[in-house]
1. Residues that are of a type in the set (Gly, Ala, Ser) and modelled with pLDDT under 85, at least 3 per element: which helices (runs of 4 or more DSSP H) completely within the range 210-321 meet that?
2. Which of the residues that make up the range 75-130 are of a type in the set (A, V, I, L, M) and touching a strand residue (DSSP E or B) at 6+ places or on another chain (Cβ under 7 Å)?
3. Regarding residue 85, is this residue closer than 30 Å to residue 313 by Cβ, modelled with pLDDT of 75 or more, surrounded by fewer than 24 Cβ atoms within 10 Å (Cβ to Cβ) and under 19 Å from the mean Cα position of the chain (by Cα)?
4. Residue by residue through the range 105-122, note down the ones that are in contact (Cβ under 8 Å) with a residue 60 or more places away in the chain and surrounded by 14 or more Cβ atoms within 10 Å (Cβ to Cβ).
5. Residues that are in contact with a helix residue (DSSP H, G or I) (Cβ under 8 Å, 6 or more places away or on another chain), more than 22 Å from residue 70 (Cβ to Cβ), crowded, with 18+ Cβ neighbours inside 10 Å and polar (S, T, N, Q): does the range 277-297 have at least one?
6. What pairs can you find where one residue is in the range 199-227 and free of Cβ contacts under 8 Å to residues at least 12 places away in the same chain, the other is surrounded by 24 or more Cβ atoms within 10 Å (Cβ to Cβ), and their Cβ atoms are less than 9 Å apart, with a gap of 6+ or different chains?
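The values are calculated or read from the model by the stated rules, or taken from the named source; none is laboratory data. As the structure is a prediction and not an experimental result, all values here were calculated from the model. All Cβ positions, glycine included, derive from the backbone under ideal geometry; neighbour counts span all protein chains shown.
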Amino acid sequence: MIYVSVLAGFALLLVGGEILVQGGVALSRHLGVSPLLVGLTVVAFGTSAPELVICLIAALEGAPALAVGNVVGSNIANILLIIGISALIYPIAVSRRSLKRDGTVVVGATVLFSLLAMTGVLAFWHGLVMVIGLGLYLTYSYVTDKRDSAASEELARELDEMGPADAPLWISLAKLAAGLGAVVWGSDLLVDGAVETARQFGVSEAVIGLTMIAVGTSLPELATGAVAAYRKQSDLALGNVLGSNIFNIIGVMGVVALVTPVEVPGQIIGFDLWVMLAVTFAFIGLAFLLRSIGRFQAAIYLVLYIAYVAAQFLGMSGLQAHTG
């Protein structure tokens with residue numbers, strides 16, 4: 001039964017990812033904004049829904065390691081795993097203009113979250129600060145995207161490449177809703193199967209959150225990013241990851257902290273937060289300098305992610321041996 005859940009989850013994610021990309025691109029035409037902005041907002045929020053649901057449940061049920069580990073692990077997976085796979089499918093072109101705004105916010109949000117997490121407990125006022133910051137960012141993104149002349153010219157070129165938009169707005173919204181529903185349902189099935197499998201092998205709660213659940217809740221981003229890359233909508237693939245990382249750390253954790261205080265495990269403060277910071281700084285810096293993410297760079301990202309996951313399980317094995 002566990003394996004049926006995993007396979008069904010994969011199928012829903014793949015189908016939902018395709019529908020989500022189609023709906024996101026169509027919506028950008030109707031709203032008169034770029035696919036990047038849609039990726040940063042509608043698609044990113046939708047693909048972050050599994051993180052929000054799982055983190056709320058984990059925090060309320062007294063499993064803070066799983067909640068915080070899910071968000072931190074998801075952000076690491078989004079960059080190393082999702083960008084790595086997407087760029088392997090089709091190299092991602094990077095707009096310096098967009099990266100200056102959105103990349104800066106990703107770095108700033110990551111630093112803010114890390115500083116707050118290092119206090120040991122994410123309290124109500126921490127959550128309030130993060131949620132207000134997210135609201136300001138979304139407002140600023142929409143206004144600048146509409147007013148920037150360079151963005152308008154880029155949008156015109158993108159719309160020409162997409163071809164005519166014959167479908168009415170309600171169909172675009174219906175595709176978005178169906179796609180989001182499929183990826184959330186699929187990720188839920190997949191995570192349930194993965195967690196049950198992991199627990200059969202005695203994996204710790206923190207490691208489950210940082211690896212199994214983090215990858216499971218990042219699969220909507222993977223499905224969406226892979227489909228977007230295949231369709232050569234690189235802006236949507238990149239915007240999806242940047243937006244999801246912002247939503248995860250100041251949106252998801254902000255909302256969870258507003259509902260209940262969240263204790264941050266020492267293991268995550270001592271190691272995983274620093275990995276997330278290093279990966280984020282390196283990714284944004286290299287993307288800005290190179291102006292593209294090619295297949296060689298993507299392969300390096302995937303190797304680094306495999307090394308990170310291996311370090312989690314090796315560290316757990318070493319701890320068990322020492323305790324024993």
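1. Filter on the range 210-321 gives 214-230, 234-246.
2. Of the residues in the range 75-130, the ones of a type in the set (A, V, I, L, M) are 76-77, 79-83, 85, 87-89, 92-94, 99, 105-107, 109, 111-112, 115-118, 121-123, 128-130.
Result: 83, 87, 92, 93, 94, 116, 121, 122.
3. Numbers: closer than 30 Å to residue 313 by Cβ: yes; modelled with pLDDT of 75 or more: yes; surrounded by fewer than 24 Cβ atoms within 10 Å (Cβ to Cβ): yes; under 19 Å from the mean Cα position of the chain (by Cα): yes.
Taking the combined requirement at face value, the residue satisfies it.
4. Within the range 105-122, 105, 106, 107, 109, 110, 111, 112, 113, 114, 117, 122 meet the criteria.
5. Within the range 277-297, one or more residues are in contact with a helix residue (DSSP H, G or I) (Cβ under 8 Å, 6 or more places away or on another chain), more than 22 Å from residue 70 (Cβ to Cβ), crowded, with 18+ Cβ neighbours inside 10 Å and polar (S, T, N, Q).
6. Cβ pairs passing all conditions: 199/208.
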